[in-house]
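The structure under discussion appears below in the form of structure tokens.
Readers should treat all values here as calculations from the given coordinates under stated rules, not as data from a laboratory. This structure is a prediction, so every number in the text was calculated from the model and none was measured. Ideal geometry is used to build each Cβ from the backbone, glycine not excepted, and the neighbour counts take in all protein chains shown.
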Amino acid sequence: MKTRTIKVERLTRVEGEGALTLRLRDGAVAGVECRIYEPPRFFEALLRGRHFTEAPDITARVCGICPVAYQMSAVQAMEAACGVAVPVPLQDLRRLLYYGEWIESHALHIYLLHAPDFLGYESGIALARDHPDVVTRGLELKKLGNAIMTAVGGREIHPINVRVGGFYRLPTRAAIAGLAERLRWAREAALETLRWAAGFPFPEVERDYELVALRPALGYPIDGGRLVSSWGLDLAAREYEAHFVEEQAPYSHALQSHRRDGSPYLVGPLARYGLNSERLTPLARQAAADAGLGPVCRNPYRSILVRAVEIVHACDEALRLAEDYREPDAPAVPVEPRAGVGHGWTEAPRGLLYHRYEIDGDGTILAANIVPPTAQNQRTIEEDLRVVAGEHLALPEPELALRCEAAIRNHDPCISCATHFLRLEVDRG
Amino acid sequence: MSTTRTTRTRRKPKLAVWKFASCDGCQLTLLDCEDALLAVADAVEITYFLEATSVQGRGPYDLSLVEGAISTPADAERIKAIRRASRVLVTIGACATAGGIQALRNFPGGETFLPIVYPHPEYVETLATATPIADHVPVDFALRGCPIDKRQLLEVVSALLNGRKPAIPTSSVCLECKLRGIPCLMVSGGVHCMGPVTQAGCGALCPSFGRGCFGCFGPMETPNTAVLATVWRRHGAGRRELVRAFRGFTGYAEPFRTESLAHEDQNDQG
């Protein structure tokens with residue numbers, strides 16, 4: 001019996017730090033371990049004893065790439081716990097902020113992290129040397145996402161304006177209207193991004209993922225709804241933990257999430273799109289069709305196209321919200337704590353982000369549970385790696401390792417989030 | 001100018017970016033310098049920056065930017081190797097400069113954190129504490145903030161690469177409010193604000209939104225935390241609120257650390 005181990009010690013162009021070990025035995029893949037050596041940070045523990053109003057700011061610090069996602073899931077859970085519904089105009093303003101994060105995060109991933117894999121560059125910066133106009137377009141898109149977050153949230157990383165019940169201060173109508181012109185440009189830039197990426201060479205892969213994403217009563221998911229899956233799930237937030245469990249692997253600092261029956265599943269752009277593509281704005285739907293995407297996409301490499309479609313959608317929706325914006329009557333509604341449990345879930349750029357809190361009558365947090373997208377995708381990423389490694393066993397080690405890294409980047413893992421993910425080591429013995 | 005300098009071939013300074021326990025936000029700040037990013041990438045050789053590039057160049061590095069706190073035995077060793085390979089080492093952000101939010105486990109009760117999150121604590125290699133980089137190796141400059149400020153980052157990088165001292169104020173957020181003409185939230189509205197003891201750098205962001213400062217940039221030079229606590233109490237803050245306020249993202253930094261412990265010691269429910 002011949003065993004080989006291939007290792008990638010440090011994954012690059014992902015958020016946070018991880019590694020991968022691949023064990024090959026008798027010409028077959030014997031084991032895949034995505035290891036998150038990113039140090040543990042203990043958020044669920046340090047939230048205990050904090051005030052319920054602190055949850056959005058504290059949990060934002062789980063991830064500098066998607067702080068708004070954490071803030072949105074946290075406020076939703078706390079408002080549910082306290083029995084408060086935030087008026088629609090404030091919900092719309094939160095959604096505008098959230099679309100800003102989608103645009104920023106997707107533009108970052110497409111241009112600086114993912115596209116270099118298809119075009120043979122080591123980085124977006126190296127890509128910029130040969131294609132400055134392309135990368136500049138990406139950076140401008142990213143900048144617009146940041147501008148939205150700054151206009152509504154005060155700053156792009158860890159916005160300060162979000163609170164349980166609404167906001168601290170409402171942006172002026174002029175400040176939001178000022179985004180509209182740039183959003184019209186961004187929508188065109190997003191369409192160009194999609195046309196550009198549609199020309200990339202994509203491996204022909206079709207994966208049998210169980211797609212899991214939110215589906216609201218109306219529209220494409222972002223800030224709530226029921227949880228549905230391609231295999232027939234249809235859940236309310238309070239039912240989530242009865243169907244999904246987090247487990248700890250001895251090789252990783254990230255908990256791994258899977259269905260109660262042990263099966264892996266996929267959250268994120270491919271899942272959102274596959275379950276909700278008919279709910280995109282007409283412009284985004286047409287752009288997806290023009291780029292050759294059907295109503296469902298199960299090719300993880302083509303997730304870059306789905307992200308671009310989601311930028312088109314986000315710009316379209318953000319533009320509508322910006323044009324319709326009128327300053328609501330008050331920046332927030334009062335929220336009085338009451339003893340109980342609240343659940344919140346939203347669609348972070350990388351997929352479903354679930355929060356549950358138990359608070360007491362004083363508003364002190366007694367227990368917290370946070371399930372980030374990358375913890376949920378970890379097993380699916382490992383399954384993808386088995387497939388990719390199995391197909392390319394004959395390749396020399398450095399090339400096999402590159403293929404594996406690219407397969408990981410397809411899912412835009414956020415390791416910082418999941419610590420609570422990953423080293424590529426290939427073990428060939 | 002010495003002969004050696006004039007005859008030496010000009011090479012771009014090597015920049016490295018390192019991550020420890022943190023959220024990635026401070027290194028993202030570098031990528032968020034959209035307008036300046038390609039110019040910076042042109043002025044320096046980005047030798048090591050895992051999030052941005054697959055190139056992993058060897059040291060020595062002219063400038064290392066370090067994000068995150070030290071919380072595992074392996075990281076305690078890794079930071080020493082990075083220090084040895086770096087001519088100038090700058091810590092960026094609250095985690096690297098003060099331990100960050102994960103440093104809350106350094107306070108009483110922190111020993112319970114591991115089993116709360118991990119069903120198998122024995123699989124996790126961790127130190128009992130999360131500590132700032134300066135507790136482990138000498139640091140040449142500490143850039144504060146949760147997250148750091150983009151303009152301050154560009155100032156520090158350009159200053160240090162040009163051999164001058166970065167112009168980063170160590171005064172309080174109060175001064176920034178005065179400069180912006182923001183009426184004092186505490187005086188005018190009784191809002192509980194950490195501004196008087198917190199280092200400037202954000203441009204008085206929270207006060208400009210009508211929200212009290214919550215200490216992202218850590219303690220200013222010689223802050224009077226005890227007096228601030230007294231004023232807060234006068235405005236109705238209880239002890240538990242004071243403990244939480246001083247024990248935030250920069251709560252492990254002195255004297256915020258001592259101040260929060262002082263209010264915790266007293267056995268009342270206020």
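Using a Förster radius of 22 Å, what is the FRET efficiency between A:GLU206 and A:ARG386 based on their Cβ-Cβ separation? Nearest 0.05, please.
0.90
With a Förster radius of 56 Å, plug the Cβ-Cβ distance of A:THR172 and A:ARG195 into 1/(1 + (r/R0)^6) and report the FRET value to the nearest 0.05.
0.95
Could you work out the per residue convex hull volume over the alpha carbons of chain B, in cubic angstrom?
154
Suppose R0 equals 22 Å. What FRET efficiency, 1/(1 + (r/R0)^6) with r the Cβ-Cβ distance, do A:THR53 and A:VAL88 give to the nearest 0.05?
For A:THR53 and A:VAL88, the calculated efficiency is 0.50.
Cross-link partners among lysines for A:LYS7, C-alpha distance below 21 Å, same-chain residues fewer than 8 apart left out?
B:LYS19
When B:HIS263, B:HIS120, A:HIS392 are ordered from fewest to most other Cβ atoms inside 10 Å of their Cβ, what list results?
Ranking B:HIS263, B:HIS120, A:HIS392 by Cβ neighbours within 10 Å, fewest first, gives B:HIS120, A:HIS392, B:HIS263.
Quick check on the exposure proxy: order B:ASP75, A:ASP261, A:ASP329, B:ASP140 from fewest to most C-beta atoms within 10 angstrom.
A:ASP261, A:ASP329, B:ASP140, B:ASP75
Mind sorting A:HIS114, B:HIS136 by how few other Cβ atoms lie within 10 Å of their own Cβ, fewest first?
Final ranking by Cβ density, sparse to dense: B:HIS136, A:HIS114.
Once you place label points 7 Å from the Cα toward the Cβ at A:ALA330 and A:ASP261, how far apart are they in nm?
Here the answer is 4.8 nm between the modelled labels.
Quick one: which residues, 5+ away or cross-chain, put their amide H under 5 Å from the amide H of A:GLU247? H built at 1.01 Å from N.
The list, which skips near neighbours in sequence, is A:GLN256, A:SER257, A:HIS258.
Nearest 10 degrees is fine. How inclined is helix B:256-265 to the longest principal axis of chain B, computing both from alpha carbons?
Relative to chain B, helix B:256-265 is tipped by roughly 30 degrees.
Check the straight Cα-Cα distances from B:LYS80 and name the aspartates and glutamates below 15 Å, setting aside those fewer than 8 residues away within the same chain.
Within reach: B:GLU67, B:ASP135, B:ASP140.
For the protein assembly as shown, just say rounded, prolate or oblate: build the C-alpha gyration tensor, square-root its eigenvalues into a ≥ b ≥ c, call rounded for a/c under 1.5, and beyond that prolate if a/b exceeds b/c, oblate if not.
Rounded shape, in that the Cα axes give a/c under 1.5.
Can you compute the label reach from B:SER158? Point 7 Å from Cα along the Cβ direction, backbone N cut-off under 18 Å, restricted to the range B:29-48.
Residues B:29-45 qualify, since their backbone N sits under 18 Å from the label point.
Let me understand the range A:300-344 better: what is its radius of gyration from the alpha carbons, and its Dmax, in angstrom?
When restricted to Cα atoms, the range A:300-344 yields Rg and Dmax of 18.1, 47 Å.
Give me the net charge for the shell around B:MET186: Cβ to Cβ below 15 angstrom, other residues only, Lys and Arg +1, Asp and Glu -1.
+2
Using only helices, what value at 222 nm comes out for chain B when you add -39,500 (n - 2.57) per DSSP H run of length 4 or more and divide by the total residues, to the nearest 500 deg cm²/dmol?
Result for chain B, helices only: -10000 deg cm²/dmol.
Kindly list the residues of the range A:247-279 that lie in the label zone of A:ARG226, defined by a backbone N under 16 Å from the point 7 Å along the Cα-to-C-beta vector.
Zone members listed by number: A:275-276.
Past 20 Å, Cα to Cα, is the threshold; run A:LYS143/B:LYS150; A:LYS142/B:LYS165; A:LYS142/B:LYS150; A:LYS143/B:LYS14 against it and keep the listed order.
A:LYS142/B:LYS165; A:LYS143/B:LYS14
Suppose the chain between A:ASP360 and A:VAL296 were pulled fully straight at 0.36 nm per residue; how much longer would it get relative to their current alpha carbon spacing?
18.7 nm
If we count trypsin sites (Lys or Arg not before Pro) as exposed when they sit in a DSSP loop and have at most 10 other beta carbons within 10 Å, what is the longest stretch of chain B that avoids them all?
B:165-270
What do you get for GluC sites (Glu not before Pro) in the range B:76-175 restricted to DSSP loop and a cutoff of at most 15 other Cβ within 10 Å of the site's Cβ?
B:GLU125
With no other cysteine's Cβ closer than 4.7 Å, which Cys residues of chain B count as lacking a disulfide-compatible partner?
Within chain B, the cysteines lacking a partner Cβ under 4.7 Å are B:CYS23, B:CYS26, B:CYS33, B:CYS95, B:CYS174, B:CYS177, B:CYS184, B:CYS193, B:CYS202, B:CYS206, B:CYS213.
How many partner chain Cβ atoms sit within 10 Å of a residue's Cβ in peptide B:106-118, on average, as a whole number?
Partner Cβ neighbours, averaged per residue: 4.
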